[in-house]
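Undergrad: Encoded as structure tokens, here's the structure I'll be asking about.
None of the figures in this text is laboratory data; all of them are computed from the coordinates on show. These figures come from a predicted structure and were not determined experimentally. Every residue, glycine among them, receives a Cβ derived from its backbone with ideal geometry; neighbour counts consider all protein chains shown.
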Amino acid sequence: MPDQPANRPATPLLDRIHTPSDLKVLSDAELRRLAGELRAETISAVSETGGHLGAGLGVVELTVALHAVFDTPRDRLIWDVSHQCYPHKILTGRRDRIRTLRQKGGLSGFTKRSESPYDPFGAAHSSTSISAALGFAVARDLGAAPDPALGDAIAVIGDGAMSAGMAFEAMNNAGHLDKRLFVVLNDNEMSIAPPVGALSAHLSRLYSGAPFQELKAAAKGAVSLLPEPFQEGARRAKEVLKGIAVGGTLFESLGFSYIGPIDGHDLDQLLPVLRTVKARATGPVLIHVITRKGKGYAPAEAARDKGHATGKFDVLTGAQKKAQSNAPSYTRVFSDALIAQAETDPRIVAITAAMPDGTGLDRFHDRFPTRCFDVGIAEQHAVTFSAGLAAAGMRPFCALYSTFLQRGYDQVVHDVAIQRLPVRFAIDRAGLVGADGATHAGAYDIAFLSNLPGFVVMAAADESELVHMVATAVQHDSGPIAFRYPRGEGVGVDMPEVGVPLEIGKGRIVRAGGRVALLSFGTRLAEVEKAAESLSNKGISPTIADARFAKPLDRALILQLAAEHEVLITIEEGAIGGFGSQVAQLLAEEGIFDNGLKFRSMVLPDIFIDQATPEDMYATAGLNAAQIETKVLDTLGIVGIASRRA
């Protein structure tokens, strides 16, 4: 490596590491030094790019130990969620690009199969690692011969992710199949928010008292995996722990040999345990390690979320470098509007799945602690729990990111829609979200909700409309209703003092014009208005309408626009099959196309769009103002240089 810039840490040992094989020649003392340098490099890199900081800092020693002991990439190392993978990326040949994290054309903020052979399985949503690792283990035993040949499978999963049903489904199956498989439970007492539930309480009991401190060395290994001279002492210590703190019986009942808990920041514990299980394991093994999110960086350790996700920051102080906005965030607007409604309606309750801060429900909880429920990383349960509340006469608001709502879709269909239960879905992070890339894009909810009978689907064009949509959802008791809104700040419109319920299925004309009608669904309305201004300068003055509803459609408005204009174009921040498809179906049924209407639908393209700024992502998608203008000119048959701007 060349000399480090003045603002970057000195890392003489890390500079010698190009692939994990380089760790094999280091002594244990050198591995401890390497961990310190790796932590410093991770902090430095994320200070320049922003990203998920706390989770990676919590697994620095674990990352070093796993790569030092196992033979990656032959041994498949699978990180659950994988937002903790930055140290892993540094050690696996990507250090020269680590300061491109989450940027256009740069490294993904998650593991990604196309990026490196050291990323055998992509992630970003939680609780998938054990299922995937079991797939690798079974394929190995069936004689699969990929390049490189399959070795061991190791899943690293956090205590928050372990609370999801899918993780236990996988463990139950793995225990039944009895395949050699390693699951590292990275227990930091914190996922994104503090963990909730009985499992978290069980794990806390395992290391809350003196027995762990006094007996950890003797009890760290499964008895059958230890050398014979040590087995009797370990067996006695393990029984003591079981009697006092329940021990590993929860996992052993699922067929796993349980090892732990051990200190995940102590390489003198990690390395011997990993070497022992690698040498002796025959079936599934769970290694329970205790770590601290944000470990080794005081500002992260002191933060409420332990530095879960940060913007660019000053390394010395931890102060984030965020631009100030004059407009409130959509999440804050939703939170304020829901609190205002709940002040006068005791039936309003709020549900989220491990994202109270991200959805704004932390503030709702502060005001109404008995009416707010964080169910942990369990979207399926969140949806059906909300359905039960609705069936019992409450007015539940289930607040989830669009990308996470996908995980509860079966429950949306069977438990909510078929029963016509009035669950209110507040869908945050709708559309393209920027640095988190394709895995977190809110691209599909319009399509997968609009095809459900009896569902009401709304999208806010601005923050003022969002306030009215919250009020609309409160009063809608005849069936399920959803409203979507993007990440980030609003557009700066005047805000109403109180939300006024909208008439279900009715849009609005924003601007009257001729020849061309632009029908917007969602916050692309601001880009539509920019395009209209530019078109007006060319002598084309479009009509602009805000649909407000993808379901039920405003049939009268759409048919009026179709009858009075030569061109009708829909614009939405969603995938094929959404609002534009609903409009096309209506126009086809009414025979409108027979009258010569030129109809076009602008949607997210049929690709997964990699991380970039939201502006760049929407340019890739073809949904910015200049591209809307180009679509109008092309549809009218007006072709020229001006119409080809990107």
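Undergrad: Find how many whole Å separate the alpha carbon centroid of segment 12-59 from the alpha carbon centroid of segment 525-555.
TA: With segment 525-555 and segment 12-59 each reduced to a Cα centre, they are spaced 51 Å.
Undergrad: Shape of segment 511-615 from its Cα gyration tensor (a ≥ b ≥ c, root eigenvalues): rounded if a/c is under 1.5, otherwise prolate when a/b > b/c, or oblate?
TA: Cα axes put segment 511-615 in the oblate bin.
Undergrad: Return Leu274, Leu633 ranked ascending by Cβ neighbour count within 10 Å, so the fewest neighbours appear first.
TA: Fewest-to-most Cβ neighbours within 10 Å comes out as Leu633, Leu274.
Undergrad: For Ser114 and Glu589, FRET efficiency with R0 = 41 Å and r from the beta-carbon atoms, rounded to 0.05?
TA: 0.45
Undergrad: Could you put Arg76, Arg94 in order, starting from the residue whose Cβ has the fewest other Cβ atoms within 10 Å?
TA: Final ranking by Cβ density, sparse to dense: Arg94, Arg76.
Undergrad: Give me, ordered by chain and number, the residues 5 or more places off Gly513 or on other chains with an amide H under 5 Å from its own placed amide H.
TA: Thr543, Ile544
Undergrad: What are the residues whose amide H is under 5 Å from the amide H of Arg395, where those residues sit 5 or more places off or on another chain and H is modelled from the backbone?
TA: Amide H to amide H, under 5 Å and 5 or more residues apart or across chains, Arg395 pairs with Ile348, Val349.
Undergrad: For segment 269-331, compute the number of Lys pairs whose alpha carbons are separated by less than 16 Å, excluding pairs fewer than 8 positions apart on the same chain.
TA: For segment 269-331, qualifying lysine pairs total 4.
Undergrad: Looking only at segment 508-644, where both bridge partners belong to it, what percent of the DSSP beta bridges are antiparallel (to the nearest 5)?
TA: Antiparallel bridges: around 15 percent, rounded to the nearest 5.
Undergrad: Pull up the DSSP beta bridges for segment 334-484 and report the antiparallel fraction as a percent, rounded to 5.
TA: 5
Undergrad: Further, regarding this structure: Out of all DSSP beta bridges in the chain, what portion is antiparallel? Express it as a percent rounded to 5.
TA: Restricted to the chain, the bridges split so that about 15 percent are antiparallel.
Undergrad: Where the only charges are on Cβ atoms (+1 Lys, Arg; -1 Asp, Glu), what is the dipole of segment 508-644 about its Cα centre, to the nearest 20 debye?
TA: Computed charge dipole of segment 508-644: roughly 300 debye.
Undergrad: Also, I was wondering about something else. Can you compute the helix-only [θ] at 222 nm over the chain? Use -39500 (n - 2.57) per DSSP H run of at least 4 residues, normalise by all residues, nearest 500 deg cm²/dmol.
TA: -11000 deg cm²/dmol
Undergrad: Which angle from 0 to 90°, rounded to the nearest 10, does the C-alpha axis of helix 379-391 make with the longest principal axis of the chain?
TA: 60
Undergrad: To continue, here is another question. Could you line up Glu615, Glu527 from fewest to most neighbouring Cβ atoms inside 10 Å?
TA: Fewest-to-most ranking of Glu615, Glu527: Glu615, Glu527.
Undergrad: Further question: Post the alpha-carbon centroid distance, segment 364-380 to segment 613-633, in whole angstrom.
TA: So the separation of the two Cα centres works out to 38 Å.
Undergrad: Which FRET efficiency value, to the nearest 0.05, do you get for Thr249 and Arg280 by plugging their Cβ-Cβ distance into 1/(1 + (r/R0)^6) with R0 = 25 Å?
TA: Calculated value: 0.75.
Undergrad: Still on this model: Please work out whether segment 289-384 counts as rounded, prolate or oblate from its C-alpha gyration tensor, where a ≥ b ≥ c are the square roots of the eigenvalues and a/c under 1.5 means rounded, while otherwise a/b larger than b/c means prolate and anything else oblate?
TA: The shape class here is oblate.
Undergrad: Another question, then. Round to the nearest 0.05 the FRET efficiency obtained for Ala392 and Val493 when R0 = 30 Å and r is the Cβ-Cβ distance.
TA: 0.20
Undergrad: Through the Karplus equation 6.51 cos²θ - 1.76 cosθ + 1.60, θ set to phi - 60°, convert the phi angles of segment 29-40 into ³J(HN,Hα) values in whole Hz; use x for Gly and Pro.
TA: With the stated coefficients, segment 29-40 comes to 5, 5, 5, 5, 5, 4, 4, x, 5, 5, 5, 5 Hz.
Undergrad: Treat every Asp and Glu Cβ in the chain as -1 and every Lys and Arg Cβ as +1, leave all other atoms uncharged, and give the resulting dipole magnitude about the Cα centre to the nearest 20 debye.
TA: 740
Undergrad: While we're on this one: Below 25 Å, Cα to Cα, which lysines can Lys538 reach? Residues fewer than 8 away in the same chain don't count.
TA: Candidates past the 8-residue exclusion: Lys530, Lys598, Lys631.
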